[in-house]
Amino acid sequence: MQELSSRTSRFTDSVIRRMTRICMQHDAINLSQGFPDFDPPRVIEDRLAEVAYKGPHQYAITWGAPNFRAALAAKQSPRMGLDIDPETQIVVTCGSTEAMMCSVMTVTNPGDRVVIFTPFYENYGADTILCGAEPTYVELHAPTFTFDEAELERACARPGTKALILCNPSNPCGHVFTRSELEFIAKLAQKYDLWVITDEVYEHIVYAPHEHIYFASLPGMAERTLSCSSLSKTYSMTGWRLGYVIAPAEVIDRARKVHDFLTVGAAAPLMEAAVAGLTLPQSYYDEMAAMYTRKRDLFCDGLRDLGFSFTEPEGAYYVMADVSELGYADDYDCAVDLIRKVGVGTVPCSCFYDKPEHRFVRFHFAKSDEVLKSALDRLDGWREKMRA
């Protein structure tokens with residue numbers, strides 16, 4: 001038998017998805033993998049029902065159906081402050097997961113370095129390694145989850161550094177980068193000639209007074225930014241796997257070639273149905289933000305009442321809670337006990353760090369109010385027992 005690739009031995013399977021599988025085994029409330037338990041907007045569902053009978057059912061253009069790209073450009077252009085050409089500046093991907101992988105493959109070569117903020121969404125390190133590049137991690141320091149400017153510049157200045165990955169709003173910590181933070185990153189990108197690959201899937205889930213600023217909208221950044229996002233979180237359709245990359249035409253030309261050989265293309269009938277979501281009015285996004293604000297407050301107030309220590313998220317729908325006082329030396333053991341003994345799924349946050357860090361578990365609150373209250377009730381009795 002031939003020897004397996006050494007590249008894949010440098011990381012394990014997704015801990016997030018593993019926690020979901022354990023939740024299913026124990027019939028636990030899944031606050032680990034970040035998918036909502038409510039449906040997409042009715043207008044999208046109705047359109048999907050029509051498409052089921054009328055099509056399209058065959059391949060779309062590899063880089064995305066024309067009407068989907070046109071609707072996406074019309075939605076994103078005013079928000080990003082750009083005049084996005086749907087014919088040359090967009091590639092539609094199979095979720096933001098592929099969008100990120102496609103982007104890293106487009107702008108890096110084996111041996112290059114990629115700067116990644118930590119804690120990070122676990123795919124970023126794996127994407128970098130699979131591309132043959134080397135990650136350089138820069139810490140977002142708890143409890144504010146802000147970075148040290150000198151530390152970031154040292155990372156960007158390392159020989160061979162080609163790109164920086166920016167998740168904003170950040171998963172898992174919920175930090176929304178301020179304009180001054182983004183401007184400092186932009187200054188370094190120009191100084192050290194870096195590409196910036198953004199993951200902005202939570203662009204519409206931001207809590208006042210914080211605001212999401214698209215990195216590509218900053219002066220001089222449109223030409224060196226690959227903006228990745230998806231429809232998954234915004235429209236509660238994580239299973240549809242519709243993502244995209246927006247970038248300058250010459251970058252997208254290369255990214256389309258990478259995408260073509262990775263997955264060929266996104267699902268044609270789902271793109272057709274999703275156009276109905278891309279044309280929703282601003283009131284939809286305002287109402288969604290208000291809904292998530294209420295859910296954040298409900299869940300965080302509950303954790304606070306139970307005595308948990310955490311940083312209230314500024315965006316996205318995750319909370320990193322400190323469980324260090326509960327007597328566990330390993331956050332993974334704590335997360336598994338929460339599932340098996342309490343019936344609540346979390347993610348051990350050590351999978352989001354490049355160095356040993358076992359203080360935190362991550363909850364998500366994209367669930368119905370009833371489910372969140374039930375999870376808090378289950379946590380109540382367990383935490384008191386552990387503290388005793």
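Every number in this text was worked out from the coordinates using simple rules, so none of it is lab data. The shown structure was predicted, so the numbers you read here are calculated from the model rather than taken from an experiment. Counting neighbours? That spans all protein chains shown, and the Cβs are built from the backbone with ideal geometry, glycine included.
Net length available on complete extension from D305 to D85 is 74.2 nm, with 0.36 nm assigned per residue and the Cα-Cα distance removed.
Each of M291 and E250 was given a label point 7 Å from its Cα along the Cα-to-Cβ line. The distance between the two points is 4.3 nm. Loop-resident GluC sites (Glu not before Pro) (DSSP state other than H, G, I, E or B) in the range 164-236 with no more than 14 further Cβ atoms inside 10 Å of their Cβ: E211.
Taking amide H positions as modeled 1.01 Å from N, with prolines and chain starts lacking one, the residues under 5 Å from T161 and 5 or more places away or on another chain are R113. Beyond 23 Å in Cα-Cα separation lie the following of the pairs K341/K373; K233/K367; K162/K191; K187/K257; K162/K187: K187/K257.
I need H212, H26 ordered by Cβ neighbour count within 10 Å, fewest first.
Lowest to highest Cβ neighbour count: H26, H212.
Where only DSSP H runs of four or more residues are counted, the chain gives -13000 deg cm²/dmol as its mean residue ellipticity at 222 nm, each run worth -39500 (n - 2.57).
One Cα centroid belongs to the range 123-147, the other to the range 69-100; the line between them spans 25 Å. Once the Cα-Cα distance is subtracted from the 0.36 nm per residue extended length, the A52 to H210 segment shows a gain of 52.9 nm.
Gain on full extension, evaluated as 0.36 nm per residue between F38 and L262 minus their Cα-Cα distance, stands at 77.6 nm.
In the list [x] 66, 49, 37; [y] 58, 51, 39; [z] 62, 56, 54, the label attached to Cα extents along the principal axes in Å as derived from the coordinates here is [z].
Take the chain, mark every one of the chymotrypsin sites (Phe, Trp or Tyr not before Pro) that falls in a DSSP loop and has at most 12 other Cβ within 10 Å, then report the longest stretch left between them, sites excluded.
After excluding every exposed loop site, the longest remaining stretch is 60-388.
Note on D148 and A74: their simple-model spin labels are 5.0 nm apart, each label 7 Å out from Cα toward Cβ. With a simple spin-label model that places each label point 7 Å from the Cα along the Cα-to-Cβ direction, the separation between E370 and S180 comes to 4.7 nm.
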